[in-house]
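The next block holds one structure in the form of structure tokens; read it before the comments.
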Amino acid sequence: MRDKPVDLQKLFRRALLSQVSIGLDEAVLGDPPGDLPNPAESIDGPRPELVTVKSALKAGLPDYPEFPMDQDGPSSMELSFDSEFASIDEHLAAISDCQLCPLGEHRNKFVYGVGNPDADIMFIGEAPGAEEDRLGEPFVGRAGRLLDRILAAMELSRDQVYIGNVLKCRPPANRDPQPVEMAKCMPYLREQIRLIRPKLLCLLGRVAAHAILNTTTPLGRLRNRWHQFEGIPTLVTYHPAALLRFPAYKKDTWADMQELMRRHAQLG
Ligand code: SF4
């Protein structure tokens, strides 16, 4: 994946067509929205200029602004990529019996991550849910299937990216992870990132964004800009579960994915 030459125009053209596959039959042009929109307003209130896929293709590539880099953001120090583990398999074997927090006692399966250990792009959510706990793989429920469709629209698959969570064990009743749980588990995620060495990170949802960027800034204000997590360009977007509840966010998510693709293409 890393050395594959990228035809940017072809990539965007195909991706635009693929929007249909994630339930979008229209593209949004103009400035991206700022803070997290009220779902009711985003459905019933003033709408941005809309164009169909067909007319967007006819007009050429969507002219959206590049996201700026958040220069003052937290965690901007360079990550040391030295790891005491030779591979993610070795790391998984070392931590899969973890009982550092109470979640370990009640898990069915340890949910480490899935995908290409040499991926350029790593997606990070918050924690396993019931299906993930049962199967031992992240993002396998309805939200996971939507993530697969989003990846397909980007002409990517699970085999080409890496998908993980902040927590490796399921919080009871799918409650938000507690600060102490995230503090115990974050070193494992850092180690995964060291071993995978992704070029880009994409944080899915508020919990992952707050844990990894060490901030309480609302998700809507974390979008539309690049952050850094220990030297790695990091983008924040909605969790696929939020898209299931509020389909109006799909357009914003698609804008985020276009930015991710643009940055990836630039990196080569
Ligand atoms: S959530 Fe993380 S820290 Fe807690 S038991 Fe599971 S692996 Fe260990």
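The values are calculated or read from the model by the stated rules, or taken from the named source; none is laboratory data. The structure displayed is predicted, hence computed values, not measured ones. Using ideal geometry, Cβ is built from the backbone for each residue, glycine included, and neighbour counts are taken over all protein chains shown. Ligands, DNA and RNA are excluded from the accessible area calculation, which covers all protein heavy atoms including side chains. Shrake-Rupley method; radii C 1.70, N 1.55, O 1.52, S 1.80 Å.
There is no residue in region 180-190 that is modelled with pLDDT of 95 or more, farther than 17 Å from Phe85 by Cα and in a loop (DSSP other than H, G, I, E, B). Among the residues making up region 220-229, a single one is closer than 21 Å to Leu189 by Cα and open to solvent by 30 Å² or more (accessible area, probe 1.4 Å): Gln228. If the condition is being open to solvent by 60 Å² or more (accessible area, probe 1.4 Å) and closer than 15 Å to Pro187 by Cβ, then region 82-91 contributes Asp82, Glu84. Just for region 97-106: of the residues that are modelled with pLDDT of 95 or more and open to solvent by 40 Å² or more (accessible area, probe 1.4 Å), which one is nearest to the ligand (Cβ to nearest atom)? The extreme case among them is Leu100. Scanning region 208-219 for residues that are open to solvent by 10 Å² or more (accessible area, probe 1.4 Å) and either under 12 Å from Val166 (Cα atoms) or within 16 Å of the ligand (Cβ to nearest atom) (or both) gives His210, Ala211. The criterion of being open to solvent by less than 10 Å² (accessible area, probe 1.4 Å) and part of a helix (DSSP H, G or I) does not hold for Ile163. Assess whether Lys168 counts as being over 16 Å from Glu230 (Cβ atoms), within 9 Å of the ligand (Cβ to nearest atom) and either open to solvent by 10 Å² or more (accessible area, probe 1.4 Å) or touching a His at 6+ places or on another chain (Cβ under 9 Å) (or both). When the stated conditions are applied, Lys168 does not pass them. If you go through region 230-240 and keep only what is modelled with pLDDT of 95 or more and either crowded, with 21+ Cβ neighbours inside 10 Å or not hydrophobic (A, V, I, L, M, F, W, C) (or both), you end up with Pro233, Thr234, Leu235, Val236, Thr237, Tyr238, His239, Pro240.
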